[in-house]
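Peer 1: What follows is a single structure, and I will ask about it in a moment.
The values are calculated or read from the model by the stated rules, or taken from the named source; none is laboratory data. Just so we're clear, the structure is a prediction, and the values are computed from it rather than from any experiment. Positions of Cβ are generated from backbone atoms using ideal geometry, with glycine treated the same way; all protein chains shown enter the neighbour counts. Quick note on the areas: whole protein, heavy atoms, side chains included, nothing else; ligands and nucleic acids left out. Shrake-Rupley method; radii C 1.70, N 1.55, O 1.52, S 1.80 Å.
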Amino acid sequence: MSRSQFAIDVPDRLVARARTGCREAFEQIYRRFERPVFTLALRICGDREQAGDVLQDTMLKLFHHLPDFRADCPFWGWLRQIAVNEALLHLRRQKRLVAEIAVDEDDLPEDRGLPPWAAADAALLQRALDALPAATRSVLWLYHAEGYTHDEIASLMQRTPSFSKSQLARGTRRLRALLNIEEPVHA
């Protein structure tokens, strides 16, 4: 599992200053997380304009809900959750979470190979991800890049863990095909 690009340490004093309404502190937090939020939104939504909207909505929500942050979890994890929820909300509003890769439940081996993007360049990866249905692309990104479990993805997407597993298996195979990457050989 890869380490989330959100895993950025934020000093407690910076969060405390932002909570008091310090604009400079909030801007520092924004600058630290602008790229991770935008990238996550782009990978989930598949559209730069929507990713920009998700970034804006995430940061507005962060600003309004900073007083609700409890330091019992990392700040970056809390912000990542807001960003994921906003990206999925955008897809739900457009009814784009309906389409997914069709799955035959008997055809679901556990995939233990590297994520397909480990062997792809950024532009090729973006084109391949864009070719996937939004639900499938979201599952792939949340599982491989952000480290969510199937249970967590199921909860976020209001589906079952088997939905997450099936979309991961089929989506990984489809992504490998789009990227011209050979399937790993299982012993």
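Peer 1: Among the residues of segment 41-49, is there at least one that is within 24 Å of TYR148 (Cα to Cα) and surrounded by fewer than 18 Cβ atoms within 10 Å (Cβ to Cβ)?
Peer 2: Scanning segment 41-49 turns up at least one residue that is within 24 Å of TYR148 (Cα to Cα) and surrounded by fewer than 18 Cβ atoms within 10 Å (Cβ to Cβ).
Peer 1: Of the residues PHE26, PHE38, PHE63, which is of a type in the set (A, V, I, L, M, F, W, C), part of a helix (DSSP H, G or I) and open to solvent by 90 Å² or more (accessible area, probe 1.4 Å)? Talk me through it step by step, then tell me what you get.
Peer 2: Working: PHE26 fails: open to solvent by 90 Å² or more (accessible area, probe 1.4 Å); PHE38 fails: open to solvent by 90 Å² or more (accessible area, probe 1.4 Å).
The unique qualifying residue is PHE63.
Residue-by-condition table, conditions (1) in a helix (DSSP H, G or I); (2) open to solvent by 60 Å² or more (accessible area, probe 1.4 Å); (3) closer than 20 Å to ALA7 by Cα:
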| residue | (1), (2), (3) |
| --- | --- |
| VAL139 | yes, no, yes |
| HIS144 | yes, no, yes |
| GLY147 | no, no, yes |
| GLU152 | yes, yes, yes |
| PHE163 | yes, no, no |
| GLN167 | yes, no, no |
| THR172 | yes, no, no |
| LEU175 | yes, no, no |
| ILE181 | no, no, no |
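Peer 1: Within segment 82-96, can one find any residue that is out of contact with any Lys or Arg (no Cβ under 9 Å at 6 or more places or on another chain), open to solvent by 60 Å² or more (accessible area, probe 1.4 Å), at pLDDT 95 or above and over 16 Å from ARG19 (Cβ atoms)?
Peer 2: Checking segment 82-96: not a single residue is out of contact with any Lys or Arg (no Cβ under 9 Å at 6 or more places or on another chain), open to solvent by 60 Å² or more (accessible area, probe 1.4 Å), at pLDDT 95 or above and over 16 Å from ARG19 (Cβ atoms).
Peer 1: Looking only at segment 40-79, count how many residues are touching a helix residue (DSSP H, G or I) at 6+ places or on another chain (Cβ under 8 Å) and farther than 23 Å from GLY21 by Cβ.
Peer 2: The qualifying residues number 13.
Peer 1: Ok, one more. Which residues, taken from segment 37-80, are among the β-branched types (Val, Ile, Thr) and in contact with a His (Cβ under 7 Å, 6 or more places away or on another chain)?
Peer 2: Let us first name the residues in segment 37-80 that are among the β-branched types (Val, Ile, Thr), namely 37, 39, 44, 54, 58.
Within segment 37-80, just VAL54 meets the criteria.
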